[in-house]
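**Student:** Dumping the structure here so I can ask a few things about it.
The values are calculated or read from the model by the stated rules, or taken from the named source; none is laboratory data. All of these numbers come straight from a predicted model, not from anything done at the bench. Cβ atoms come from the backbone with ideal geometry, glycine included; neighbour counts cover every protein chain shown.
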Amino acid sequence: MIICVADRRRLTVVVRSISLLFCSVIGTSRASATECSVNALSALGVPNVSMTSAQDIPAVAPNPQYCDLKGSVRTSGEGAGPGSANFEVMLPSNWNGKFVFRGVGGLAGTLRSSANPVDEALFLGRGYATAITDTGHASADPTWEFVSPGQPNTAKIIDYFYRAVHQVTVAAKQIVKDYYSSTTISHSYFDGCSNGGKMGLIEATRYPNDYDGVISGSPWLDPLGTSLWGLKNTQALLHGYIPPSLFLAVDAAIKKQCDGRDGLADGLIQNPSKFAFDPDVLVPSVLTQRQADALKATIEPVRDEKGKFIYPGSSVSNFAQTGLPAKATPVNELDTPPVDPTGSQPWGSADAPPNWHLAVGIILHLGFYDPAIDLNNAVETDGVVKSAMRKLLYSRLGPDISGDPSKLALFLAKGGKLLIYHGYDDFIISPYRTIWFYEDLAKETGGFDKLQSQARLFMVPGMLHCHDGPGPNTFDTLSALENWVEKGVAPDSIVASHTTGNVVDRTMPLCEFPEQARYRGAGEVNDSANWSCPQNDRSLLDVGPNGVQAGLSASVRGSIRGPLP
């Protein structure tokens, strides 16, 4: 006689044949196909949940057999009318008693995970029950943000900002517990990058009891500021068009000047903010003066009309965005020049760069609720945002901003752990905005040493947005968080690898900020065993001319940066 769970609402003693000796030791079983069905799962009676499909997925290494459940949660409250958010929950046969929520990227609207890809591959194999939501709208709907021009769809906007993730979290946890007839979930984690990284931080600030630990990759801390920055960069290149081949020449000049000054000429710049690259030195041999001025504009921060910083500038590394997958479009590049740099549609019928599309989605759709506004001329000029525009847009988009470190107090006070990572070559979300946030969080909590007991940042040289790039960009943050939360062992470093043609050709440690990875001076450069993270090193706080230009200097930023919107 073996005790298994034959009904998800109560423990049932079932007499089974010897073939059921593999029932889970925590009291669960997959006794019959009906257990993973819409009817059986609906019978759990989880409030506000509608089940639409349930499918038993056979085990395929490394994943176990699992029940793939899809449905929707009726959302309500939080100052908005009723809504509905789709979700997917995966319930593995080898449940480990834990739960992980997978963030989604961009403006959401799908069930495609933005969790760290290495972590994603581990979830089911390790026995995690997982959940994900589209946050209450479909990406195929191009105008979900408003019901008519100028009239917001408040329920969908609030669901996207924060309501859907929390209410799906509550519902999904209840489904998990009922499915496994468990009264508790031992640990709950959030894992996401970009918009998913922002989702995790908003969960930690608004609902600090939802998760024990958050993995926040390349976090979209300030979507509006990011879009203003992307708009600034794109507008600069509208007037100083630089073809892809010249971006490669620019990067070669930067590497020639800067690579090696971090202790080793290895193709990676460990701290791009430290250096003093001046685009003017490439005039006229490589660039025209207008093109050089465009590059200088991308390095500068976004400002308001009083000169206060709104968002930091760009990292001086990998302007060409090398290391992208084949056929991917660099965020600020075009194969051909714009047809009308000052027009409302600068590219005519040609497709615009990704950063422009992002600015349209955030500024026009979520800020003005009107895509007909002339984005190219109405909001900012030469990186200076008009005061009226700034006030209006931040008043509407404030709930979507997770960059206020003071709001993490309750999450940290209850022992929550926060693991952040960001690539230095990210031209979709400035890595310097994450450094701003982490430095401000250190001030809020009493310094880096104290903060690192609960929140750690890992900067990734040579990584683009969330992944890819010429540097080691593949690493396991799930194990690091598990060891930290469950065993009290904080990650001092995380080994990252780079792969070419499915062959690992380089490994290197990622160090906790502000430590910088150092080559030991002997052995294979591409082997992480020959690198170290010197304890109590503060090298990533060293800011040179390029960092000052971008607004990263603490002394400069403290005097001229405006208050958090």
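**Student:** Quick check: anything in region 437-460 within 20 Å of residue 528 (Cα to Cα) and assigned to a loop (DSSP other than H, G, I, E, B)?
**Tutor:** no
**Student:** Between 497, 532, 553, which is in contact with a Ser or Thr (Cβ under 9 Å, 6 or more places away or on another chain), at pLDDT below 95 and either crowded, with 21+ Cβ neighbours inside 10 Å or of a type outside the set (Phe, Trp, Tyr) (or both)?
**Tutor:** None of the others qualify; the one that does is 553.
**Student:** Show me the helices (runs of 4 or more DSSP H) entirely contained within region 126-218 in which 3 or more residues are within 18 Å of the chain's Cα centre (by Cα) and either at positive phi or of a type in the set (A, V, I, L, M) (or both).
**Tutor:** The qualifying helices (runs of 4 or more DSSP H) are 195-206.
**Student:** Only one of (1) assigned to a loop (DSSP other than H, G, I, E, B); (2) touching a Ser or Thr at 6+ places or on another chain (Cβ under 8 Å); (3) modelled with pLDDT of 95 or more is not met by residue 298, so which one is it?
**Tutor:** It is condition (1) that residue 298 fails.
**Student:** Which residue, of 254, 269, is in a loop (DSSP other than H, G, I, E, B) and farther than 30 Å from residue 400 by Cα?
**Tutor:** 269
**Student:** Scan region 436-456 and report the pairs whose first residue is among the β-branched types (Val, Ile, Thr) and buried (at least 16 other Cβ atoms within 10 Å of the Cβ) and whose second residue is in a helix (DSSP H, G or I) and modelled with pLDDT of 95 or more, with Cβ atoms within less than 7 Å and a gap of 6+ or a chain change.
**Tutor:** What qualifies is 445/412; 445/451.
**Student:** Can you pull out the residues in region 278-297 that are free of Cβ contacts under 8 Å to residues at least 12 places away in the same chain and surrounded by fewer than 15 Cβ atoms within 10 Å (Cβ to Cβ)?
**Tutor:** Of everything in region 278-297, those that are free of Cβ contacts under 8 Å to residues at least 12 places away in the same chain and surrounded by fewer than 15 Cβ atoms within 10 Å (Cβ to Cβ) turn out to be 284, 285, 289.
**Student:** Does residue 336 satisfy the criteria of being modelled with pLDDT under 90 and surrounded by fewer than 22 Cβ atoms within 10 Å (Cβ to Cβ)?
**Tutor:** Criteria met by residue 336.
**Student:** Separate question: Quickly run through region 258-277 and pick out the residues that are surrounded by 16 or more Cβ atoms within 10 Å (Cβ to Cβ) and more than 21 Å from residue 506 (Cα to Cα).
**Tutor:** Within region 258-277, 273, 274, 275, 277 qualify.
**Student:** Out of the residues in region 461-480 that are touching a helix residue (DSSP H, G or I) at 6+ places or on another chain (Cβ under 9 Å) and in a helix (DSSP H, G or I), which is surrounded by the most Cβ atoms within 10 Å (Cβ to Cβ)?
**Tutor:** 478
**Student:** Next up: Name the residue that is farthest from residue 465 (Cα to Cα), counting only residues in region 97-119 that are not in a loop (DSSP other than H, G, I, E, B) and not aromatic (Phe, Trp, Tyr).
**Tutor:** Per the stated criteria, the residue is 98.
**Student:** I would also like to ask the following. Among 335, 340, 425, 370, which is the only one that is outside any strand (DSSP E or B) and closer than 30 Å to residue 271 by Cβ?
**Tutor:** From the options 335, 340, 425, 370, the qualifying one is 425.
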